Each structure stands twice: as C-alpha cells, then as structure tokens.
1. Check which residues have an amide H placed less than 5 Å from residue B:448's amide H, if you skip close sequence neighbours.
2. Would you mind giving the mean number of other chain beta-carbons within 10 Å of the Cβ of each residue in B:74-83, as a whole number?
3. Amide H of residue A:41: which non-local residues (sequence gap of 5 or more, or other chain) have their own amide H closer than 5 Å, using H built in the peptide plane?
4. Residue-wise, which Karplus ³J(HN,Hα) couplings in Hz belong to segment B:54-63, taking 6.51 cos²θ - 1.76 cosθ + 1.60, θ = phi - 60°, and x for glycine or proline?
5. Please give the contour-minus-distance gain from residue B:472 to residue B:300: 0.36 nm per residue of separation, less the Cα-Cα distance, rounded to one decimal in nm.
6. Calculate the FRET efficiency for residue A:63 and residue B:361 from the Cβ-Cβ distance with a Förster distance of 51 Å, rounded to the nearest 0.05.
7. Quick one: Karplus J couplings for segment B:377-387, per residue in order, coefficients 6.51, -1.76, 1.60, θ = phi - 60°, nearest Hz, x for Gly and Pro?
8. Residue B:371 to residue B:254: extension gain in nm, 0.36 nm per residue of separation minus the Cα-Cα distance?
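Derivation of every value follows stated rules applied to the coordinates shown; laboratory data play no part. These numbers come from a predicted model, not from an experiment. Don't worry about glycine lacking a Cβ; one is built from the backbone with ideal geometry, like all the others, and counts go over all protein chains shown.
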Amino acid sequence: MAYKIVSSQCTGCSACEPECPNVAIREKNGTFVIDPAKCTECLGHFDEPQCVAVCPVDDTCVIDKSYPRYQAA
Amino acid sequence: MEPTAYVGVQEIKPLQQLLDKVAEHKGCGTSGGSGKSSCGSSAGPADMSPEVWEKVKNHPCYSEEAHHHYARMHVAVAPACNIQCNYCNRKYDCANESRPGVVSEKLTPEQASKKVLAVASAIPQMTVLGIAGPGDPLANPEKTFKTFELISKTAPDIKLCLSTNGLTLPDHVETIKSFNVDHVTITINMVDPEVGQHIYPWIYYRNKRWKGIDAARILSERQLLGLEMLTEAGILCKVNSVMIPGINDQHLVEVNRAVKSRGAFLHNIMPLISAPEHGTVFGLNGQRGPSAQELKALQDACEGEMNMMRHCRQCRADAVGLLGEDRSAEFTTEKIDAMAVEYDATTRQAYQELVEEQRQAKVAAKQAELAGLAGAESDIKLLIAVATKGEGKVNEHFGHASEFQVYELSTAGAKFVGHRRVDLYCQGGYGEEDTLPTVIRAINDCHAVFVAKIGGCPRDELKAAGIEPVDRYAYEFIEQSAIAYFRDYLAQVASGEIVHQPRGDADIRQGAYIAAA
C-alpha cells in the first residue's frame with residue numbers, strides 16, 4: 001500500500017512536499033498528490049509517515065488500499 | 001494617488017538635514033504619558049541608541065508614531081506550517097476577512113518580488129516588507145529566503161522583516177542575519193508547557209508529530225533559544241502574544257518578564273480573535289476574546305522597562321498599505337502582471353523626506369500644546385476616540401471610519417493606547433441605523449470622539465450614550481488637539497460646569513472584517 005492525499009481536503013499548503021524522504025509528492029492543480037510507485041510509507045526512514053505527521057488537516061493523508069502493502073527491501 | 005504625492009527632488013531638503021532635525025526633536029518625542037509605550041517604541045534617541053532608532057523610525061509596526069505615516073506589505077509565499085494553534089485555521093479564505101493566517105492567493109518568490117516592486121512604486125511610503133505566512137516563514141525557508149534575496153537585489157532600501165512561531169528559528173538565525181533582516185517577530189503565547197498544552201494541540205519537529213505537554217515544552221524552549229540568539233546577533237525582536245482569557249491572560253505577565261530578560265525589544269499583546277465561523281478550535285468551543293478594558297489592563301501591567309505595542313491591527317498575511325487599511329485587492333497577481341513596473345528609488349526617497357517633514361511638524365505642534373498643560377494637576381484620566389486616515393491628523397468623517405484610534409489623556413499628555421475596528425457606519429452616503437450601536441459599543445469607554453465631520457443623527461445618539469462628538473479639531477494634529485481638549489475639560493471640571501464621570505467597558509470586534517469597498 002501507499003499513502004494518498006484526499007484532494008478535497010488538501011489546502012495546498014505544501015508542508016508535506018519537502019518532508020517526503022522519497023520525493024514522491026508534487027503539486028497538481030493546486031493540491032498535492034503522492035506518487036504511489038515512490039511511496040514507501042516512510043518504512044525504514046521514520047517512525048511515522050511524514051506527510052501524515054505534518055499535514056494540518058486530519059485524515060487527509062490516508063492509506064490507499066488499491067495498492068499492495070509496501071514491503072521493505 | 002494624490003497629486004501632492006509627487007514633488008521634484010530639488011524642492012525638498014537633503015535627507016541629512018531632516019535626520020538632524022529628528023535628532024533635535026528627540027525622535028518621535030513622546031515625553032507625555034509613560035513615554036515607553038505611547039510610541040510603541042516611542043522616545044527615539046532619548047532612550048535608544050541611534051542605530052536602533054535608525055532601524056525602527058520608519059517601521060510602522062516597531063514605532064507607533066511611524067505607523068501614521070509609513071506603510072508595510074506582507075507577501076504570502078509561505079503556506080506551510082509546522083505547528084497547529086487552536087486560534088488558527090488556515091483552511092478558508094475570505095477576501096473580506098482580516099486576521100493573521102488568512103490570505104487570498106499564494107505567491108511564488110518571483111511573483112512576490114514583482115508585487116513588492118509594483119506596490120513600492122505605487123505607495124512610496126511603503127518601507128517594510130514582511131513575510132508572515134500564511135503558514136510559518138521558517139517552515140518554508142527556501143521560499144522565504146529566495147524572496148528576500150530577490151527583493152534585496154532590486155529594492156535594497158526596503159526593510160525586510162519576518163514573523164515566526166519560533167520552532168525552527170534557532171536553525172535559521174545565521175541566514176536571517178546574512179540577509180540583513182532587521183526585524184523578527186516571534187509569537188510567544190506561553191513560557192509554561194502546562195499553559196501551552198491548551199493552546200497548541202501539536203507540533204511537527206525533527207520528523208515527528210509531538211502532542212500535548214511535550215509539544216508545548218519543545219516549542220517554548222526553541223522560542224526562547226531563538227530569541228536569545230537574535231538578541232546576540234543584534235537583530236531587533238518583537239514578541240507577539242495572543243491574550244486568551246482563562247488560558248494565558250494571567251500568565252502573559254510572566255511571558256513579558258521572560259522575553260524582556262532575553263532582550264526582546266517590543267511586546268505586542270493582541271486580543272484573541274474568535275468566532276465560530278472562523279472554524280478554529282477556540283471559535284468552535286466558544287472561547288471568548290478579551291474586552292477592551294481587560295486588554296488595556298494587561299498591557300498596562302506589562303508596561304515598564306519594556307516597550308508595548310498597542311497599534312497592532314492583526315493584519316492578514318498578504319496585507320498591503322498603512323496599518324488599518326488594506327489595499328491588497330489592488331495588487332492581485334493578475335493586476336500586477338498587467339502593470340509595467342519601474343522601480344524609482346529617487347521618487348520614493350523624495351516622498352519619504354516629505355513625510356519626515358510632516359512628522360516633525362506634528363511633533364512640534366504637540367510639544368507646543370503640551371507646554372500649555374504644564375503645571376496643571378489632576379488625577380483625571382480619560383479616553384478619546386479619533387477618526388483618522390493617517391498623517392497623525394483628525395481627518396476622517398465619523399461615518400467613513402473603519403476604525404477609531406484611542407488616546408488616553410492625563411496631565412502627562414496624550415498617549416496612544418489602542419484602536420477599535422468598526423463596520424462603516426456610513427455606506428453610500430446614508431447612515432446605516434443598525435451599525436451605530438455597534439460603533440458606540442466599540443468606543444463606549446471613551447468620553448469623546450474626534451471627527452472631521454459628523455451627521456446630525458449619529459451626533460445626537462452619541463451624546464445620548466454619553467460620548468461627546470467633537471468636530472472642532474477637524475484636519476488638525478491629533479495629539480495637539482487632544483491635549484487642547486483635555487485642558488478645556490479640566491477647566492470645565494474646575495469651574496463646576498461639568499462633573500467628571502468614569503466610562504464603562506468596550507467591545508473588541510470579533511466578526512469578519514468588511515473592507516471599505
């Protein structure tokens with residue numbers, strides 16, 4: 001699985017973009033999106049997903065269940 | 001723009017002469033009252049080194065006296081934040097609303113730089129550029145410092161300034177100094193984590209979200225460390241504190257002591273802005289803001305060796321213009337893209353020299369009037385409200401005032417103690433009956449209201465509420481007029497013509513600010 005950003009809740013504040021250790025976040029039409037191919041859920045980097053930790057709106061960075069669980073190498 | 005805004009360079013005196021005159025007049029010359037506060041940082045060179053005076057004399061936030069004459073602008077290049085405050089909600093924007101954290105459009109550093117040049121050309125008394133959000137400038141260090149870099153190249157005469165929550169401040173003091181940023185504001189609402197846990201639900205620090213008392217402890221330590229480092233680096237620091245009744249109102253006296261001992265230059269205690277429609281935690285749970293009297297009592301209690309700022313308008317992160325006016329709607333990205341911007345430093349300097357002359361005339365007028373009050377002895381203190389649109393004069397109509405400036409009069413002189421925001425009473429030439437009571441509530445603690453002009457109906461209603469409408473000082477200097485009024489008042493009390501009655505409390509406006517259309 002990877003994380004995704006609920007675009008209807010994203011304020012476009014950009015706080016998550018520089019925090020992502022995988023450079024998986026970019027701006028798209030005023031809000032931010034996560035590239036699921038790059039997202040590692042911060043496993044191996046940090047104790048908690050950085051986008052979740054920094055996002056000012058609760059429940060905006062959430063698990064995207066349409067992707068298989070990320071496996072640490 | 002008024003045609004008088006432009007003067008030939010040859011028509012005005014060299015800058016040095018004016019600066020000498022400033023020194024002669026002891027800066028903004030607020031010897032009246034406990035001068036420490038009446039000018040924000042009032043007394044000029046008398047209690048201030050010339051270097052510090054040079055830094056604050058045309059900064060509208062750092063000098064109360066300067067804020068009548070000089071304008072500032074904020075550019076909204078910093079949308080991200082690393083803490084959450086219970087009084088802040090950055091989710092919604094409304095162009096008609098004015099409070100920190102709110103902004104209409106985000107800018108890139110390049111767009112911001114162009115906007116600054118456009119505004120500086122249109123408003124020659126714009127002397128200060130601040131970055132205040134809408135998030136935290138130091139949570140967006142690349143965008144913030146890129147903006148400073150661009151502006152310091154194209155408009156080196158503009159003072160740079162930033163406002164931060166302080167969490168990452170210690171990491172950036174060196175960079176701040178390298179960009180010659182003269183002024184930094186830190187918002188410090190507590191120095192005790194027990195208090196802080198009720199203000200900050202969480203912070204994001206060192207790749208982790210901290211909550212509760214741990215979050216408040218880290219934040220407080222970082223803020224105070226940052227303040228000490230700024231003082232060490234010789235950067236002037238203002239501390240903003242939001243007064244939240246029942247949470248930190250008593251505690252702010254302790255905060256005042258803590259920041260004073262660490263070298264803060266100015267302390268700005270602001271009322272909480274809280275209404276359910278803002279969607280903030282405090283707004284939704286019914287936390288009230290302080291009344292005008294509660295705010296003034298706290299500011300008075302903290303006044304002493306420390307300069308208190310009382311002229312803060314709690315402006316938006318994209319505000320443009322004099323404090324109290326907002327011209328940001330004139331400078332949207334779309335409009336700026338269509339402007340041919342040419343930065344003319346000479347015109348700006350010429351204009352600012354003219355402003356200095358006006359400013360000195362005002363100080364001289366006040367000193368002369370104050371001499372007439374010498375020897376008068378009385379314990380009477382009273383507040384007056386003034387309708388003004390700048391230049392330190394009584395020059396606004398009652399019905400056109402979107403705010404009133406409040407002065408405290410005593411035998412020591414006239415001291416600026418705050419301002420009250422109101423809805424325009426007069427819209428389109430007709431007085432709105434519904435708004436008059438709210439205007440009266442906002443200045444209910446004042447004995448008189450000084451205006452350039454006032455209609456018959458509001459005049460009668462003000463009188464009925466016990467507030468004397470005074471239009472005999474129209475277009476004259478505020479402080480000079482106020483002292484003259486006070487002298488007359490004392491004479492009338494002495495002759496038994498009137499009996500001095502204390503006034504009640506007043507409201508601080510909480511709702512959305514509707515800009516003058």
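1. Amide H to amide H, under 5 Å and 5 or more residues apart or across chains, residue B:448 pairs with B:385, B:468.
2. Numbers: counts 0, 0, 0, 0, 2, 6, 12, 4, 5, 1.
That works out to 3 on average.
3. Here the answer is A:3, since their amide H atoms fall under 5 Å of that of residue A:41.
4. Karplus-based 3J(HN,Hα) across segment B:54-63 equals 4, 6, 9, 5, 10, 9, x, 8, 8, 9 Hz.
5. Working: separation 172, 0.36 × 172 = 61.92 nm, distance 3.06 nm.
This chain segment gains 58.9 nm when fully extended.
6. On the way: r = 67 Å, r/R0 = 1.32.
Approximately 0.15, to the nearest 0.05.
7. With the stated coefficients, segment B:377-387 comes to 10, 6, 8, 5, 10, 9, 9, 10, 9, 10, 8 Hz.
8. Details: separation 117, 0.36 × 117 = 42.12 nm, distance 3.78 nm.
Length gained, residue B:371 through residue B:254: 38.3 nm.
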